[in-house]
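Data block below; observations after.
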Amino acid sequence: MRRRDFITTTLASAAALAVPRFAGEARAGAPTQASPSPGAKRFRLNYAPSLGQFKAHAGTDLAAQVQFAADEGFTAMFDNGLMGRPPADQDVIVRAIQQRNMKLGPFVLLADFNNKNFVLRDEDVRAMLLQKMRDGIETMKRTGVGQALVVPGRFDESVAWEYQTANVIEHLRACMDLCQPAGLVLVLEPLNPKNHPGLFLTRIPQAYQICRSVNNPSCKIVNDIYHQQITEGNLIPNIEAGWDEIGAFHIGDNPGRKEPTSGEINYRNVFKYIHGRGYQGVLCMEHGQSKPGKEGERAVIDAYRACDQF
């Protein structure tokens, strides 16, 4: 499943109730059976199904979807389209999450795949970005979700790469003047150039350099493991090297962007490493399923049960 298709299907980005991150390549083995009944053992990490991920079991009611996920042992959810939902729907989601002591992953604030926004030194671009930040802050105030995802857009072949990088950094510093006082954390997402050719931000080391240069605790990275497997591999060492600037994770196996154990990534080892670092943030399940309907949804749950055993 392509990222853009996933965003369209799920209404579009992940959000996080201001959550602390820390408390103090072979396939994973065959999945063990997940409990289909309420009261299943809670997962060790905050794997976050999307709203609608289990609709064959839970239907379309938002609160029922949260309840189903909680009954299966999930401790978090995410909703790519949270920012665009009517306030009444936002209230239902947030209330259901809070009642079950769950967390919400980052919502998409800006994911423009077509325009050269951040790479341009332009007053109109700056004004647009700052207005987006104000809109994101209002969503944070309504929902309590403290992380917002940003994709910096396309690169410009006519401008030297170093100038573009400097422009991205300067725009983000201006955004920080609004976001940090309000308590909103931007998480920058690198996307792979195979599925999304022409985008500026593609690699974890590149995002790390930008965050270090912005030098603000409200500018972090969302590490989408599916994208990074395609772009650079070397997953655990890159997570380790970029750790101080990683604010959230997206999950998806490769090839196909389906659930863990459906492809080549050893998610059991990846999750073991993340857990060992004391990570308490959200890991958004931004993927499809390898089988349709209830069988496919149960396979997703089983896969996370298998990979959560470490």
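The values are calculated or read from the model by the stated rules, or taken from the named source; none is laboratory data. Nothing here was measured: the structure is a model prediction, and the numbers come from that model. Positions of Cβ are generated from backbone atoms using ideal geometry, with glycine treated the same way; all protein chains shown enter the neighbour counts. Surface accessibility is based on the protein's heavy atoms, side chains included, excluding ligands, DNA and RNA. Shrake-Rupley method; radii C 1.70, N 1.55, O 1.52, S 1.80 Å.
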ask   = Any idea what Rg and Dmax come out to for segment 158-249 if you just take the C-alpha atoms, in Å?
value = 13.1, 37
remark   = So the pair-distance distribution of segment 186-310, from every Cα-Cα distance in 5 Å bins, comes to percents of 2, 11, 21, 23, 20, 12, 7, 3, 1, 0
ask   = Tell me, what is the FRET efficiency for Arg121 and Gln209 to the nearest 0.05, using R0 = 25 angstrom and their Cβ-Cβ distance as r?
value = 0.85
request  = Could you order Ser213, Ser290, Ser50 by accessible surface area, starting with the largest, using a probe radius of 1.4 Å?
outcome  = Ser290, Ser213, Ser50
ask   = Quick one: what does P(r) look like for the chain with 20 Å bins over all Cα pairs, in whole %?
value = 36, 58, 6
inquiry  = Could you work out how much longer the chain between Ser158 and Arg142 gets when fully extended? Use 0.36 nm per residue separation minus the Cα distance between them, nm to one decimal.
reply    = 1.7 nm
message = With the cut-off at 32 Å, tell me which of the pairs Lys132/Lys272; Lys41/Lys294; Lys55/Lys116 have Cα atoms farther apart than that.
response = Lys132/Lys272; Lys55/Lys116
Förster-model FRET efficiency, 45 Å R0, Arg42 and Ala166, C-beta, rounded to 0.05 = 0.50
request  = Any chance you could run the full-extension gain for Ala241 through Asn114? It's 0.36 nm times the residue separation minus the Cα-Cα distance, nm to one decimal.
outcome  = 42.7 nm
key: segment 234-310 versus segment 164-207: alpha-carbon centroid distance in Å   = 23 Å
query = When the dipole is taken about the Cα centre of the chain, and only Lys, Arg (+1) and Asp, Glu (-1) are charged at their Cβ, what size is it in debye, to the nearest 20?
reply = 660 debye
key: With all protein chains modelled, accessible area of Lys294 [1.4 Å, Å²]   = 120 Å²
inquiry  = If DNA, RNA and ligands are ignored and the probe is 1.4 Å, what is the ranking of Thr139, Thr60 by accessible area, most exposed first?
reply    = Thr60, Thr139
key: Dipole magnitude of segment 32-154, debye to nearest 20 (Cβ charges: Lys/Arg +1, Asp/Glu -1, about Cα centre)   = 360 debye
request  = Give me the percent of DSSP beta bridges within the chain that run antiparallel, rounded to the nearest 5.
outcome  = 15 percent
note = Per 10 angstrom bin, beginning at 0 and ending with the bin that holds the maximum distance, the Cα pairs of segment 98-146 fall in percents of 22, 41, 26, 9, 2
task = Take His250, His57 and sort them by solvent-accessible surface of the protein heavy atoms, 1.4 Å probe, largest at the top.
result = His57, His250
